[in-house]
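Let me begin by presenting the structure, written as structure tokens, before commenting on it.
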Amino acid sequence: MNPDIYFDVIERPVTTVIDDTVHWSDQYKALIRPDTGRILGVHSKKYKMVKNGHAYPLVDEALESADINTSRMTVNDQLDFGGARTIRTYNFPDHTIDIGGGDKVCLQLKVTNSYDGSNAFGFLFGGYRFICSNGMVVGTSLARVKRKHTTNINVEDLINKLNIAAESYFDNEPMWKKWASTTISEQQALDVLLELAGGNEDGRLYKQLIPMWWKERRTLGATAWALYQVVTAWSTHTTSRTRENAGTALLLREERVRNVLPSIEKLAA
């Protein structure tokens, strides 16, 4: 069951008690979730809160008018740190790239918002691989759109950006198909995995990635596509240490994957 992302958030002045005397700050305010009493963030007085209840319905409205088929769309919500961060993931099965051999990837959209200032309201485009439920990180400049925290969200602007980013998603089709037919050496694969692991050959991550590569290599062959599956499987299926930050940890892993995509592209150049 998806969590309720439309909970109320209120603003209250920041106070402190010194020697039994209450002092009020005229520079900062706290964002509080009244149903749990949790403080979601502390900001300057100038900070403009964008509520989930304002932002996400506008995204849904934009999707209704965008050139994206939403008839079989699925939606999954993730709340981190008690609601301080929100990630809503949309999958669009009617926008699918067929890599071949039964391997299919559909368009995926992630929309982020936060009350703690960690994420601006915005969205990232990628793909969803049906076979292994991998989140396919897309490395194009149109993969992400961010906005400053402002309540002035223009639906027409959202529609335009959604259309442009969705079109750019299909630009990946010839590249992914080329990766699927490009054979790479063991050393080339290990070099990319070592890059993802931060160059630490003795680290736990590098040792974790190697058997993942061997498994994908047996299934898909020693290809750039198989290597891509390894790094996206790591980002998608690695378990966060706490439930509090599962969605945020996933975004950080996906960013690391995005940074090594140019190395995979070079292998198939």
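What angle do you read, to the nearest 10 degrees and between 0 and 90, between the alpha-carbon axis of helix 186-196 and the longest principal axis of the chain? Rounded to the nearest ten degrees, it is 10. Between helix 204-220 and the chain there is an angle of about 50 degrees, using the helix long axis and the longest principal axis of the Cα atoms. Using a ≥ b ≥ c from the Cα gyration tensor of segment 1-65 (square roots of the eigenvalues), is it rounded, prolate or oblate, where a/c under 1.5 gives rounded and otherwise the larger of a/b and b/c decides, a/b for prolate? It is oblate, given that a/c is not under 1.5 and a/b is not larger than b/c. Cross-link pairs exceeding 22 Å between alpha carbons, from the set LYS46/LYS161; LYS104/LYS215; LYS110/LYS178; LYS177/LYS266; LYS110/LYS215; LYS178/LYS207: LYS46/LYS161; LYS110/LYS178; LYS110/LYS215; LYS178/LYS207. For the residues TYR56, TYR169, TYR28, a GNM of the chain with alpha-carbon springs under 10 Å puts the largest fluctuation on TYR28. Measuring nothing but alpha carbons in the chain and taking Rh as the Kirkwood radius, the Rg to Rh ratio lands at 1.04. Using a probe of 1.4 Å on the protein chains alone, the accessible area found for SER185 is around 50 Å². Using a probe radius of 1.4 angstrom, the carbon and sulfur fraction of the accessible surface of segment 1-47 is 53%. Taking every protein chain into account, the accessible area of the chain amounts to 51 square angstrom per residue (probe 1.4 Å).
Taking other residues whose beta carbon is less than 14 angstrom from the beta carbon of GLU216, and scoring Lys, Arg as +1 and Asp, Glu as -1, yields +2. In a fully extended conformation the segment linking LEU58 and VAL42 would gain 3.2 nm over its present Cα-Cα distance, using 0.36 nm per residue.
With 0.36 nm allotted per residue and the present C-alpha distance subtracted, the ASP26-GLU244 stretch has 75.4 nm of extension available. Largest first, the residues LYS51, LYS110, LYS215 sort by 1.4 Å accessible area into LYS215, LYS51, LYS110.
Among GLN188, GLN229, GLN108, the largest mean-square fluctuation in a Gaussian network model of the chain, built with springs joining Cα atoms closer than 10 Å, belongs to GLN188.
Full extension of the chain segment joining ASN154 with ALA269 gains 37.5 nm, where the gain is 0.36 nm per residue of separation less the Cα-Cα distance. Counting only heavy atoms of the protein chains and using a 1.4 Å probe, THR15 has close to 70 Å² of accessible surface. Helical content alone sets the calculated 222 nm signal of the chain at -12500 deg cm²/dmol, taking -39,500 (n - 2.57) per DSSP H segment of four or more residues and averaging over every residue.
The values are calculated or read from the model by the stated rules, or taken from the named source; none is laboratory data. Computed from a predicted model, the values in this text were never measured in an experiment. Positions of Cβ are backbone-derived with ideal geometry, glycine not excepted, and every protein chain shown enters the neighbour counts. Just so you know, the surface numbers come from the protein's heavy atoms only, side chains and all, with ligands and any DNA or RNA stripped out. Shrake-Rupley method; radii C 1.70, N 1.55, O 1.52, S 1.80 Å.
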